[in-house]
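A short worksheet on the structure shown next.
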Amino acid sequence: MRQLAVGTNIKMYLGYRDTVAWMEQLAGTLGGFREVELFAFVPAVCLVDAGRILGGTPVGYGAQNMHWAEAGPYTGELSAGMLKELGCTHVELGHMERRRYFGETDREVNRKLRRALDSGLRAVVCLGEEGRAAETEVRRHLERQLEVVLAGVDPAETGDFLLAYEPAWAIGVDEAASPGYVEEMHAHLRRTVAGLLGQAAAERLKIVYGGSVTPDTAGKLCRLPDVDGLFVGRSALDVERFRGIIEDASHWHNRATD
Ligand code: PGA
């Protein structure tokens with residue numbers, strides 16, 4: 001059974017001080033969820049504070065992006081080594097906004113994933129289609145993304161990172177993708193990983209869903225067999241709301257896997 005994973009990316013929504021206050025609330029509120037893999041991606045300027053506040057709690061933390069190189073002339077970038085020095089457990093790679101606004105490609109995400117695996121950071125690798133399209137087209141798009149993003153990954157490594165399926169059209173809107181659609185795409189992602197790396201590797205891999213998750217949808221999504229958790233944006237800015245999502249996700253995930 002794959003352990004439930006619930007994480008959040010708070011993007012650039014809050015200032016420095018408000019992010020620190022948010023992390024303090026998170027640490028105070030989520031201390032009890034030892035059975036869930038929890039993680040929070042915060043702005044890089046808050047990572048030192050994250051170590052002080054979230055280190056030793058069940059909430060893993062990390063940066064919203066990093067470079068693939070170990071070190072070098074890469075202005076404005078962060079290395080895996082720096083993140084490790086700050087105690088980061090996780091790193092977010094290939095988010096839709098990185099792709100849309102900064103031109104990040106699957107090939108770059110693949111190189112970053114390699115660096116994360118070699119550095120002992122648990123990557124949350126985001127992928128998904130940009131716009132709504134026919135399901136056969138979406139399936140083909142996901143296959144192509146996986147082929148590039150997972151190139152060179154060893155089957156034994158699929159327990160060391162997560163995939164986040166995030167259809168771009170469902171991010172930052174009113175409603176998440178429907179549970180039927182999400183299950184269909186998660187199952188397809190898992191089948192594709194099985195084709196690339198083998199069945200056992202695919203069974204080990206956690207695939208979480210992201211895109212307008214709310215307390216209303218969390219349970220409905222987490223009772224689906226191929227949904228191993230959630231990646232939450234706006235709904236996690238209110239820590240109590242986020243706690244409600246984790247509680248519901250946990251309840252329904254446990255029922256589905258009993
Ligand atoms: P949202 O963001 O929950 O605010 O739609 C999700 C994401 O970008 O991962």
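Of the residues making up the stretch 53-73, those that are at pLDDT below 95 and of a type in the set (Asp, Glu) number 0. For the condition within 18 Å of the chain's Cα centre (by Cα), touching a residue at least 12 places away in the same chain (Cβ under 8 Å) and part of a helix (DSSP H, G or I), Arg255 does not qualify.
Selection over the stretch 200-216 of residues that are of a type in the set (Ser, Thr, Tyr) and crowded, with 22+ Cβ neighbours inside 10 Å gives a count of 1. Selection over the stretch 202-221 of residues that are in a helix (DSSP H, G or I) and either more than 18 Å from the chain's Cα centre (by Cα) or within 15 Å of the ligand (Cβ to nearest atom) (or both) gives a count of 6.
Of the candidates Leu30, Leu54, Leu38, Leu26, the single residue that is more than 23 Å from His253 (Cα to Cα), crowded, with 16+ Cβ neighbours inside 10 Å and of a type outside the set (S, T, N, Q) is Leu54.
Number of residues in the stretch 68-98 that are in contact with a Ser or Thr (Cβ under 7 Å, 6 or more places away or on another chain) and surrounded by 18 or more Cβ atoms within 10 Å (Cβ to Cβ): the value is 1. From the list Val138, Val148, Val91, the lone residue that is within 16 Å of the ligand (Cβ to nearest atom) and among the β-branched types (Val, Ile, Thr) is Val91.
Here is a yes/no grid of residues against (1) farther than 25 Å from Met12 by Cβ; (2) touching an Asp or Glu at 6+ places or on another chain (Cβ under 8 Å):
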| position | (1), (2) |
| --- | --- |
| Gly60 | no, yes |
| Gln64 | no, yes |
| Gly72 | yes, no |
| Glu77 | no, no |
| Leu83 | no, no |
| Tyr101 | no, no |
| Ala156 | yes, no |
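Considered as a group, the residues in the stretch 222-236 that are within 10 Å of the ligand (Cβ to nearest atom) and assigned to a strand (DSSP E or B) include one that is nearest to Asp258 (Cα to Cα), and that residue is Leu230. Selection of the stretch 186-207 for residues being within 13 Å of Leu163 (Cα to Cα) and either charged (D, E, K, R) or in contact with a strand residue (DSSP E or B) (Cβ under 6 Å, 6 or more places away or on another chain) (or both) yields His186, Leu189, Arg190, Glu203, Arg204, Lys206, Ile207. Filtering the stretch 212-233 to residues that are over 17 Å from Phe39 (Cβ atoms) and in contact (Cβ under 8 Å) with a residue 12 or more places away in the chain leaves Ser212, Thr214, Pro215, Thr217, Gly219, Lys220, Leu221, Arg223, Leu224, Pro225, Asp226.
The values are calculated or read from the model by the stated rules, or taken from the named source; none is laboratory data. The structure presented is a predicted model; accordingly, all values stated were derived computationally and were not measured. Note that each Cβ is placed from the backbone with ideal geometry, even for glycine, and that neighbours are counted across all protein chains shown.
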